[in-house]
Amino acid sequence: MTWVSDFESGSKAQKDLLGGKGANLAEMTRLGLPVPPGFTISTRACQAYLAQGGDPDGLAAEVDDHLGALERKMGRGLGDADDPLLVSVRSGAKFSMPGMMETVLNVGLNDASVRGLARRSEDPRFAYDSYRRLVQMFGSTVMGVDSDLFAEALDDLKERRGTQADLDLDVDDLRELVATFQRIIRDETGEEFPQAPREQLDRAVRAVFDSWNTDRAVLYRRQERIPEDLGTAVNVQAMVFGNFGMTSGSGVAFTRDPATGDQGVYGDYLQNAQGEDVVAGIRNTVSLEDFAQVDPASHAELLEIMSTLERHYRDMCDIEFTVELGKLWMLQTRVGKRTPEAAFRIAVHMADEGLIDMDEAVRRVTGSQLASLMFPRFDAEADRTLLATGMAASPGAAVGRAVFDWRTAVEWAERGEDVILVRKETSPEDLHGMVVARGILTSRGGKTSHAAVVARGMGRTCVCGAEALDVDTKHGQFVVRGGTTVREGDVISIDGSTGEVFAGAVPVTPSAVVRYFEGEEVDDPLVEAAARIVEHADRNRRLDVRTNADTGEDAARARRFGAQGIGLCRTEHMFLGERRQLVEDLIVADDEAGRAAALEALLPAQRGDFEEILEAMDGLPVTIRLIDPPLHEFLPDITELSVNLALADTKGHRKKRERKLLEAVQRLHEQNPMLGLRGVRLGIAIPGLFEMQARAILEAAAARVRAGGDPRPEIMVPLVGSVRELDLVRRRIEQVAADVQAELGREVDFKVGTMIELPRAALTADEIARSAEFFSFGTNDLTQMTWGFSRDDVEAAFFSTYIEQGVFSVSPFESLDVEGVGQLVRTAVERGRAANPDLHLGVCGEHGGDPHSIHFFDEVGLDYVSCSPFRVPVARLEAARAHL
Ligand code: ADP
Ligand code: MG
Ligand code: MG
């Protein structure tokens, strides 16, 4: 084939070419399941169409051939006036994309063939129901008419008929609706709804191609890091009718509960319904048990098929099906989206059932899913006012101000407000708002509604189908049945694990998974699943995981979370608070004696800090970074100081110390402090400072040895750009070590290494490695220095614009810029190791806890990553996923 292939000839391995939906339709066809026949126009055709701005050569002829074959198979011609073949035109990219065009159903109906279709049944209602759906879908998705206009016309008609239900509209009403919809199209576009079946088909196909480049689709791809050039496939499939009366219907199902992971099928079914009715929340659906009552034979067949699919895919599947006059048809399957909780539980269940092994179970969960399981939950003991209960669609505890449209959500979120997006139901248009909201609340729709599916995919908290809420988006408020009104800006709390909606801000408590990591006994199936997976991960990773911790308390917690040492202990906070005065003394000292006295006073405090940390991490490496930030950060504000002094002057006070301080502050003022006197430069410029810190570290270590401990300090020199800097400092540290040893009469083991956080350090890593026992990549500064971005300024200033414009898809401070900064890391690893094979390598920037970056650090061969205590379990898991 060049552009088109029949369902009979594809397979699930061909997602690149056929898209996910097409590949899985082909797979189900191959398995002999009841799939309405059809064909797939490949992603390659879409790529060619988009590249040349029109149908590629030969596409029309291939569609002719495959459509002809389909017509022969079905014994009907597309859109024939007497007895028409109708088809659906369904988009389907390699990765499922809720931002894409919806499907167009009932293609082939026109003013003539609708009469032919009506003759197929005693009740012609369904034919006109199908036709009004085609005009509506075609009008909005292909011809670009605002979908609200159709929805309003439908609501208007229902109001005139005094009903809320589509099903109460009779055939004449539907005929009228078709005419109304056609008129809307004419008014809005100046064009008629096309009557020629083949024109309908071709235009629908092109609309699917074009939908690849809508803003929503582009945004979604950036978010999900889906490549821009994949294109979408288009599936053309014979229609089956779930709206053929009460022995017909349409449903969705999961082979396991996608919210909790519980074993046992789960689904929604709606009688006499077509297409999206079941997920759109238009009418209330029934469960699969009720479906069993309505149509036992189809139900039994569905269960059989679900079990076949799960064994075949060895994973939880979601399914779309339709029953036409008691005959079951499969319309879609794929490996189903699930909540983080369900992901962990399903993975271990499947391992226990022998469907997969534990390695695969580890591959099937992600660090960010584990991170979301570590989020706090609402405190069950706290006072709370329950407003309503909807469906638990995506877990988490979200608190924020209610907003009722995506624009307000984005605006408020940009100014730093937490918002909850409240809608009747969501559509792809709401995506921007869903991205920035803490949580999503809808009054309609089930666990398979758009809101639920998208929220789960993004890991956003969601409660859907809270029917007691009357949501009025026009006036920006909702009214709870029985009273309370919540207006735009009012704070609400939603619990995506229970479906509860509360007034005000409910306090939150730690998650069960965190309590388990903290060492508590917790009897909970989710905790058991998480524990088993993380234990298996530990046995299968190459990277060690350390933590960034500056206090004994943090170090102890991180150790309980599984940290194998400290990768970064910052010492700057040890100079703040009460000790600030001592630092000021150090800076204003104008002679050697003054400076020595200040340092002497700082020493015991520092030693105490280090002893505590070395004790908490006994037996494990502790990397202590010598003081790093610009010194003036420890000095008083220049304006404040000047004002105080001016006031003192008017009163005739002398204030000698303050005057000296002001002098020092003025002297140390820098235009670009991040590029100024900091890191190793401080150590070299202010004699005695690094020596004091080294002494504190080594004396603390000696004290730990005396106490029977096993301290493993590593002294890390920040911001080195030249090996000469490191040599100078190293020599001084060695001198201190010799002194301490002579004084205490015992040897203390320690290492000296450096951070690699300047491009020059990375490029001269071979020279530096000869003087260092370890490197630790300070990827925050390395990113800042490589891009020339001031980290403290740029993120708020323009990163959202950069992300929108596609300069990058995620902040390089959040996830390592592998192509740019990553090259420096790789270069430094290679040159460093070549010069010093014993060199130990790690990373201590924020990136050490970012899943995507961890995979890169594993690949370039670092020995460990270091991250904040709460990220340690995440890093343990991702380190294994990188390796397995
Ligand atoms: P999405 O990707 O948004 O799920 P689909 O292409 O799966 O869109 O179409 C949505 C729904 O339309 C399906 O779940 C199904 O109910 C209905 N549908 C699609 N094709 C057919 C068909 N050939 N016959 C009957 N219903 C169909
Ligand atoms: Mg579908
Ligand atoms: Mg730094």
> Restricting the first residue to segment 764-785 and requiring it to be without any contact (Cβ under 8 Å) to a residue 60 or more places away in the chain and away from ligand 2 (no atom under 16 Å from the Cβ), which pairs with a second residue that is in a helix (DSSP H, G or I) and among the basic types (Lys, Arg) meet a Cβ separation below 7 Å and a spacing of at least six or different chains?
Replying inline: SER771/ARG730
> Which of (1) more than 22 Å from MET97 (Cα to Cα); (2) among the hydrophobic types (A, V, I, L, M, F, W, C); (3) touching a helix residue (DSSP H, G or I) at 6+ places or on another chain (Cβ under 6 Å) is the odd one out, the single condition ALA466 does not satisfy?
Replying inline: (3)
> Is at least one residue of segment 351-369 without any contact (Cβ under 8 Å) to a residue 12 or more places away in the chain, assigned to a loop (DSSP other than H, G, I, E, B) and of a type outside the set (D, E, K, R)?
Replying inline: yes
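So, in segment 848-884, exactly how many residues are outside any helix (DSSP H, G or I) and either surrounded by 21 or more Cβ atoms within 10 Å (Cβ to Cβ) or at pLDDT 95 or above (or both)? It would help to see each step written out before you state the result.
First pass over segment 848-884, keeping only residues outside any helix (DSSP H, G or I): 850, 861-868, 884.
This time we only want the ones that are either surrounded by 21 or more Cβ atoms within 10 Å (Cβ to Cβ) or at pLDDT 95 or above (or both), so: 850, 861-867.
Residues meeting the conditions: 8.
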>> Checking ARG311 against (1) away from ligand 2 (no atom under 16 Å from the Cβ); (2) of a type in the set (Lys, Arg); (3) touching a helix residue (DSSP H, G or I) at 6+ places or on another chain (Cβ under 8 Å): exactly one of these is not met. Which one?
In response: (3)
> What tally of residues in segment 105-119 results from selecting those that are more than 22 Å from THR232 (Cβ to Cβ), of a type outside the set (Gly, Ala, Ser) and not in a loop (DSSP other than H, G, I, E, B)?
Replying inline: 3
> What is the number of the single condition among (1) surrounded by fewer than 16 Cβ atoms within 10 Å (Cβ to Cβ); (2) under 36 Å from the mean Cα position of the chain (by Cα) that GLU188 does not meet?
Replying inline: (2)
>> Condition (residue is more than 22 Å from ALA13 (Cα to Cα), assigned to a helix (DSSP H, G or I) and not small (Gly, Ala, Ser)) applied to segment 372-386: is it met by at least one residue?
In response: yes
> If a residue has to be β-branched (Val, Ile, Thr) and either in a loop (DSSP other than H, G, I, E, B) or more than 19 Å from ASN106 (Cβ to Cβ) (or both) to count, how many in segment 143-193 make the cut?
Replying inline: 3
>> Which count do you get for residues in segment 398-423 that are touching an Asp or Glu at 6+ places or on another chain (Cβ under 6 Å) and small (Gly, Ala, Ser)?
In response: 2
> Of the residues in segment 1-54, how many are of a type outside the set (A, V, I, L, M), within 13 Å of ligand 1 (Cβ to nearest atom) and under 14 Å from VAL234 (Cβ atoms)?
Replying inline: 8
>> Report every pair of residues separated by at least 6 positions or lying on different chains whose Cβ atoms are under 7 Å apart, first residue within segment 815-827 and at pLDDT 95 or above, second among the polar types (S, T, N, Q).
In response: LEU816/THR779; LEU816/SER853; ASP817/THR783; GLY820/THR786; VAL821/THR779; VAL821/THR783; VAL821/THR786; LEU824/THR786
> Can you find even one residue in segment 278-295 that is within 28 Å of ALA468 (Cβ to Cβ), of a type in the set (S, T, N, Q), more than 13 Å from ligand 1 (Cβ to nearest atom) and in contact with an Asp or Glu (Cβ under 9 Å, 6 or more places away or on another chain)?
Replying inline: yes
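Taking ARG377 as the residue in question, decide whether it is more than 30 Å from GLU878 (Cα to Cα) and among the basic types (Lys, Arg). Spell out the reasoning first.
On the way: more than 30 Å from GLU878 (Cα to Cα): no; among the basic types (Lys, Arg): yes.
No; evaluated as a whole, the condition is false for this residue.
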>> With among the hydroxyl-bearing types (Ser, Thr, Tyr) and out of contact with any strand residue (DSSP E or B) (no Cβ under 6 Å at 6 or more places or on another chain) as the only criterion, which of SER368, SER394 stands out?
In response: SER368
>> Can you pull out every residue in segment 294-305 that is under 12 Å from ALA253 (Cα atoms) and surrounded by fewer than 24 Cβ atoms within 10 Å (Cβ to Cβ)?
In response: HIS299, LEU303, ILE305
>> Can you list the helices (runs of 4 or more DSSP H) lying wholly within segment 194-296 that have 2 or more residues being away from ligand 3 (no atom under 16 Å from the Cβ) and among the charged types (D, E, K, R)?
In response: 197-211, 215-224, 288-294
>> Could you go through segment 88-103 and let me know if any residue there is away from ligand 1 (no atom under 16 Å from the Cβ), charged (D, E, K, R) and at pLDDT 95 or above.
In response: no
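Being away from ligand 2 (no atom under 14 Å from the Cβ), surrounded by fewer than 17 Cβ atoms within 10 Å (Cβ to Cβ) and either more than 21 Å from VAL323 (Cβ to Cβ) or assigned by TED's automatic domain parsing to the domain that holds LEU117 (or both) is the requirement here; does ALA48 meet it?
No, not satisfied.
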> Only one of GLU122, GLU102 is outside any strand (DSSP E or B) and within 16 Å of ligand 2 (Cβ to nearest atom); which?
Replying inline: GLU102
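The values are calculated or read from the model by the stated rules, or taken from the named source; none is laboratory data. Source: prediction; values computed, not measured. Cβ atoms come from the backbone with ideal geometry, glycine included; neighbour counts cover every protein chain shown.
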